[in-house]
Amino acid sequence: MRQETKQQFNQLDWSAMLALLCALLAAVFVYLSYFTLAERQEASDRRYESFLLAEQMRLSSDQLTLMARAYAATGNPKFLQFYNQILDIRNGIQPRPEKYHRVYWDLLMPQQGLPPFPNGQTISLKKLLDENGFTEQELQQLHAAQASSDQLAELEKNVFKLVAQNKPKVAGNYVTPAAVSQLYSEAYFQAKSQIMGRINEFYHLQEARNNSNVAHAVNKNNLMIAFAVLSFIGLIVSLAFSFKARAHLAAQFIVDLQKEVTEQTNIIIEKNQELTHAFDLMAKAQKNLIESEKMASLGALVVGVAHEINTPVGICITATSYMEEENNELSKMVSDQSLKKKSLENYLEKFDQSIKLSLKNLHRIAGIINNFKEVAVDQDVDVFSSVDLKEDIQYMIDEIVLSNQYSQNQINIDLHCDEQWICLCYPGVLIKVLRQLLKNALIHAFDPGADGQVDIVVAKIDDWYQISVQDNGKGMQELEQLKIFDPFYTTKRNQGGIGLGLPIVFNLVTQKLGGSIRCTSVAEQGTCFQIKIPVEGKSVDHP
């Protein structure tokens, strides 16, 4: 791989790592921004709660003033009761109504007024202030405001005593100017102003602190959001860079691949040319080898024929030469008129023996030549047609059995063919092959006088017929199996065998029938010849 491509891969790795880092940072800052947003909301909630508590202090003071003035003006004990309840709620003596910061006492002031909210827990306002987390300075202002409110309550209680002293025993309207005037006096306003001043100062301190906390939370949240946005931007940039790098790398890879394909194509073309040249050389060498093998085979055949014919020809020559000498001797006796009956009878006997011996060997020569002619498959004249394997093979078996040619042995011949199979081939050639194989088994597989079994098995395998000729005879050695298809190889030469039967079978099966033949044999167990021919054979004349 080129150095530039390696650098691009390194850049791609770094961009992927950067994108992953930016994604992680974005996730972290999004979480932190959510967390700081919660802090911001919590700061706002605390500011609101603090405001509500401070507002309760102010409202309780105003409500006490309202109830005191109402009681002083009307003498109605209900307002005094409300006044005392407000103090007890503030001091934690009575339960604090739920949502007490909302409108509550104004709804109770009418004659049939009812509380808008149920009672909650019993807790003083001072304890609520202490638990809220106010600063010491803020608590000082609230406690001072409550103390001033308590002092003002003492003044109001004195007014209540004055109201009680001037209250008429009979129901009716009454006015207590002294009591009312005290609740509107300068001293009362000064005390009230002092309370509200403390509360106002608390508002100032509390708002400053809460605003600072909220501002800090807002700034922190904004900072996290900014970092998250920057991380997302970094992620987008790194992804864009990675995409661009990948696209460039893919384009470069395609270019390199095309270049590699071109180079490999050129190499393949060169190798193909070399293979073509080598194939041509091999074809020429094979052709020369075939020609050499043909010449060698022809030479072997010629030598075999010469060897087979040489003996009977020699016998004929010897017999003829002998008769020539006898003729000369007889002619001499005739010329000398010394011929006797006994000599003539001897001559005629010898002549008859010589003639018979010559004829016998001449017939042997003719048989050898006829068998030799059968080695050439083109000499077989047969019509390409269909053959019923079961019927025709059984007919051939019956013909051999009825000929009684091999009656010296008790050989049982069986055909195993389950169906009426039809084969398209040269029927005469096929039957000739099977007859030769069967005769070969009857002649070579069994010793004279021995019993045996020969089975012909026909089977169909895909588009082929498989015909086996199997015996349970004495079998063959491995060396014999290697030579059985060689011309003129025979183990029965002294019994008239010339060794052309199986070579003829081999040529007919492979060339005329378009099939194959093989032999398997085990000594003392038997021999099996197995031929395979196509179901629909091929005509030699019309391929």
Among the candidates Arg198, Arg246, which residue alone is part of a helix (DSSP H, G or I), over 55 Å from the mean Cα position of the chain (by Cα) and either on the phi < 0 side of the Ramachandran plot or among the acidic types (Asp, Glu) (or both)?
-> Arg198
In the set Asp471, Asp447, which member is charged (D, E, K, R), surrounded by 14 or more Cβ atoms within 10 Å (Cβ to Cβ) and either free of Cβ contacts under 8 Å to residues at least 60 places away in the same chain or under 30 Å from Thr311 (Cα atoms) (or both)?
-> Asp471
Which numbered condition Gln466 misses (of (1) of a type in the set (S, T, N, Q); (2) outside any strand (DSSP E or B); (3) closer than 16 Å to Ile531 by Cα) = (2)
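Each row is one residue, and each column tells you yes or no for (1) modelled with pLDDT of 85 or more; (2) under 60 Å from the mean Cα position of the chain (by Cα); (3) outside the structural domain of Met196 (by TED's automatic domain parsing); (4) not in a helix (DSSP H, G or I).
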| site | (1), (2), (3), (4) |
| --- | --- |
| Phe51 | no, no, no, no |
| Met57 | no, no, no, no |
| Ala72 | no, no, no, no |
| Asp106 | no, no, no, no |
| Gln111 | no, no, no, yes |
| Gln121 | yes, no, no, yes |
| Lys126 | no, no, no, no |
| Gln137 | no, no, no, no |
| Leu142 | no, no, no, no |
With criteria (1) in a helix (DSSP H, G or I); (2) modelled with pLDDT of 80 or more, Arg102 comes up short on (1)
Which is closer than 18 Å to Ile400 by Cβ, of a type in the set (Ser, Thr, Tyr) and either under 52 Å from the mean Cα position of the chain (by Cα) or at pLDDT below 80 (or both), of Ser516, Ser539, Ser468?
-> Ser468
Right, Leu348: in a helix (DSSP H, G or I), surrounded by 11 or more Cβ atoms within 10 Å (Cβ to Cβ) and modelled with pLDDT of 75 or more or not?
-> yes
Please indicate, with yes or no, whether at least one residue in region 49-72 is small (Gly, Ala, Ser), more than 19 Å from Leu129 (Cβ to Cβ), touching a Ser or Thr at 6+ places or on another chain (Cβ under 9 Å) and touching a residue at least 60 places away in the same chain (Cβ under 8 Å).
-> yes
Could you tell me whether Val28 is part of a loop (DSSP other than H, G, I, E, B) and β-branched (Val, Ile, Thr)?
-> no
Quick one: in region 66-120, which of the residues that are touching an Asp or Glu at 6+ places or on another chain (Cβ under 8 Å) and closer than 20 Å to Phe160 by Cα is surrounded by the fewest Cβ atoms within 10 Å (Cβ to Cβ)?
-> Tyr83
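The values are calculated or read from the model by the stated rules, or taken from the named source; none is laboratory data. Keep in mind the model is a prediction, meaning the values are calculated, not measured. For neighbour counting, all protein chains shown are included, and Cβ atoms are generated from backbone atoms with ideal geometry for every residue, glycine included.
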